[in-house]
Amino acid sequence: MRITIFGTGYVGLVTGACLSDVGHNVLCMDVDEAKVARLLDGDMPIFEPGLEHLVKRNVANGRLRFTTDTASAVAFGTLQFIAVGTPPDEDGSADLQYVLAVARAIGEHMNDYKVIVDKSTVPVGTANNVHETIRQVLAKRGCDLDFNVCSNPEFLKEGAAIEDFTYGARIIVGTESERAKELMRECYAPYNRHHEKLMFMDVRSAELTKYAANAMLATKISFMNEIANLAERLGADIEAVRHGIGSDPRIGYHFIYPGCGYGGSCFPKDVQALTRTAQQVGYEAELLASVEAVNQRQKGTLFNKLAQALNRDLTGKTIALWGLSFKPNTDDMRDAPSRDLMESLWTAGAKVRAYDPEAMNECRRIYGDRDDLILVKSREDAVRGADALVICTEWKVFRSVDFYWLKQQLAIPVVVDGRNLYEPYDVKQAGLLYFAVGRADSL
Ligand code: UGA
């Protein structure tokens, strides 16, 4: 099958690489010439386990190609995936300018039947908007060509994107057209062998399914963070509570880890966008607004705990940071709790000495060279000569630590753990003061 993908960002690139790997012919189009040149050289713009191998293999066998030429991209695929960015607008709603620019380009260059597939996370009603945009451009051209627009949201997690694409729980397709359904079925047939994963529904429901899934997951996290904050104040241990509630299959163990707040490119943006969408139809989504507010507050807890532990005396202190990315196995620092912490520390006159297994370049790109940011090459180097330690991301490499050694490295024996990695008893045995999330024992 011939497939065009607009946008070689995270979603577009993973989709292109995976679809070419099961035998489809894929052409990825991006307006960024430098990026396309890098990709043609096998140089990945993002870190994602397994992606580089997949891209190189399929570029070598000729099934995955990259271009900056819109006309040939539109001419190529029967399926035209739109996977460009939808950055949040000032008011939190999704900015659709890139999606609609692709729609216009498709309208300008298409000469036969196409199925346009919205892959980017877009507000309910966008497929309709894309359809109308293409229709108007075709009308201007005086062309009467048939096409369908469907919604096919992605459910990829960063760090596990290829696995999620290949073994995902479901493939949602929103369309009312039988012709589009058949083509989408053909596209996903390689992933649909063991049991029926394709779920067809109307376009608006498919669009809302994506937001509902992310908002539900974000709600679970904010809920747990709220209970963790309560546990601290009530003398309870959130880890015991987590086991206790997770054992009820209606609640389950997944996604109920308390921490220093959710980050990344999806949950914060999608919860805000859905809240905004609700407002636009005259509905005040109170729960969603609270999910966001709890998360904002949670991101501030790392700094608050540290400031309290150091008697608010942060000026001139050097704080070691383990983990910069918003979660392990990615170099993504978008909306990462580490950023709120670093920025608060700098404002308070402290220096940061940070280590992350993958996000060092990203951190340098975001913050540039500055005297109060020292990026080092190992977790050991980060704590050497530092005053206190804060853990922001639960990378594997931080899981096992000799606490007696750690005590010797830190000028003030304070560890703030935003991910509850250790048993409070073990840490305290070594003479460290341990501040985790929702653990009365750690206060
Ligand atoms: C999320 C969803 O999990 C994917 O299903 C979805 O496709 C994707 O957004 C998207 O919309 O594209 P992602 O943002 O990559 O994926 O990351 P997650 O693994 O879901 O983690 C999100 C955040 O929640 C992280 O900051 C993580 O630390 C936090 N989290 C997660 C918790 O604090 N506690 C948990 O129990 C789980």
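Cα gyration tensor of region 2-201, axes a ≥ b ≥ c as square roots of the eigenvalues: rounded (a/c below 1.5), prolate (a/b > b/c) or oblate?
Rounded, since a/c falls under 1.5.
Does the chain classify as rounded, prolate or oblate by the C-alpha gyration tensor (a ≥ b ≥ c root eigenvalues; a/c under 1.5 gives rounded; else a/b over b/c gives prolate, otherwise oblate)?
It is prolate, given that a/c is not under 1.5 and a/b is the larger ratio.
Please work out whether region 1-108 counts as rounded, prolate or oblate from its C-alpha gyration tensor, where a ≥ b ≥ c are the square roots of the eigenvalues and a/c under 1.5 means rounded, while otherwise a/b larger than b/c means prolate and anything else oblate?
Oblate, because a/c is 1.5 or more while a/b does not exceed b/c.
Hey, can you grab everything whose amide H is under 5 Å from the amide H of Cys150? Only 5+ residues off in sequence or another chain; H modelled, so Pro and N-termini drop out.
Ile116, Val117, Asp118
Angle check, please: helix 267-280 long axis (alpha carbons) against the longest principal axis of the chain (alpha carbons), in degrees 0 to 90, nearest 10.
With both axes taken from Cα atoms, the answer is about 60 degrees.
For labels at Ala37 and Glu343 in the simple 7 Å Cα→Cβ model, what's the distance in nm?
Going by the 7 Å Cα→Cβ label model, 3.3 nm.
How far apart, in nm, are the 7 Å Cα→Cβ label points at Arg104 and Glu132?
For Arg104 paired with Glu132, the spin-label model returns 1.6 nm.
Could you give the nm distance between label points at Ala440 and Lys56, where each point is 7 Å from its Cα heading toward the beta carbon?
Here the answer is 5.4 nm between the modelled labels.
Could you run the Karplus curve 6.51 cos²θ - 1.76 cosθ + 1.60 with θ = phi - 60° over region 16-26 and give me ³J(HN,Hα) per residue in whole Hz, x for Gly and Pro?
Karplus-based 3J(HN,Hα) across region 16-26 equals x, 5, 5, 5, 6, 5, 9, x, 6, 9, 10 Hz.
In whole Å, how far is the Cα centre of region 186-212 from that of region 116-182?
Region 186-212 and region 116-182 have Cα centres spaced 11 Å from each other.
Ordered by residue, what ³J(HN,Hα) values in Hz, to whole numbers, does region 364-375 give under the Karplus form 6.51 cos²θ - 1.76 cosθ + 1.60, where θ = phi - 60° and Gly and Pro are x?
Using θ = phi - 60°, the values come out as 5, 5, 6, 9, x, 7, 8, 5, 8, 10, 10, 9 Hz.
On a 0 to 90° scale, report how tilted helix 337-347 is relative to the longest principal axis of the chain, with both axes built from alpha carbons and the result rounded to the nearest 10.
It works out to around 50 degrees.
May I ask you to sort Glu52, Glu394 by Cβ crowding, counting other Cβ atoms within 10 Å and putting the fewest first? Let's see the in-between values first.
On the way: Glu52 15, Glu394 19.
By the 10 Å Cβ count, ascending: Glu52, Glu394.
Suppose the chain between Lys157 and Thr68 were pulled fully straight at 0.36 nm per residue; how much longer would it get relative to their current alpha carbon spacing?
29.3 nm
In terms of Cα to Cα distance under 29 Å, which lysines are near enough to Lys269, apart from those fewer than 8 places away along the same chain?
Answer for Lys269, where 29 Å is the Cα cut-off: Lys35, Lys119, Lys157, Lys197, Lys210, Lys220, Lys299, Lys305, Lys327, Lys396, listed by chain and number.
To the nearest 10 degrees, how steeply does helix 97-109 sit against the main Cα axis of the chain, on a 0 to 90 scale?
20 degrees
Can you figure out the FRET efficiency of Asp313 with Arg384, using R₀ = 30 Å and their beta-carbon distance, to the nearest 0.05?
0.90
By counting other Cβ atoms within 10 Å of each Cβ, how are Ser93, Ser72 ranked from fewest to most?
Ser72, Ser93
For region 278-343 and region 392-423, what is the separation of their Cα centres, given in Å?
19 Å
Show the residues, 5+ positions off or on another chain, whose built amide H is closer than 5 Å to the amide H of Ile374.
Val352, Arg353, Ala354
Given H placed on each backbone N at 1.01 Å, which residues far from Ile172 in sequence or on other chains put an amide H within less than 5 Å of it?
Met199
Subtracting the Cα-Cα distance from 0.36 nm times the residue separation, let me have the gained length for Asn304 to Glu423 in nm, one decimal.
40.7 nm
Nearest 500 deg cm²/dmol is fine: what mean residue ellipticity at 222 nm does the chain get from its DSSP H runs of n ≥ 4 alone, each adding -39,500 (n - 2.57), divided by its residue count?
-13500 deg cm²/dmol
Of the peptides 283-290, 94-101, 322-329, how do they stack up when ordered by the mean number of other Cβ atoms within 10 Å, highest first?
Answer by packing, highest mean first, reads 322-329, 94-101, 283-290.
Please turn the phi angles of region 53-66 into ³J(HN,Hα) values with the Karplus equation 6.51 cos²θ - 1.76 cosθ + 1.60 (θ = phi - 60°), one per residue in order, whole Hz, x for glycine and proline.
4, 5, 5, 4, 4, 7, 5, 4, 8, x, 8, 10, 10, 10
Each reported figure results from applying straightforward, stated rules to the coordinates on display, with no laboratory input. Keep in mind the model is a prediction, meaning the values are calculated, not measured. With ideal geometry, Cβ positions are generated from the backbone for all residues, glycine too; neighbour counts draw on all protein chains shown.
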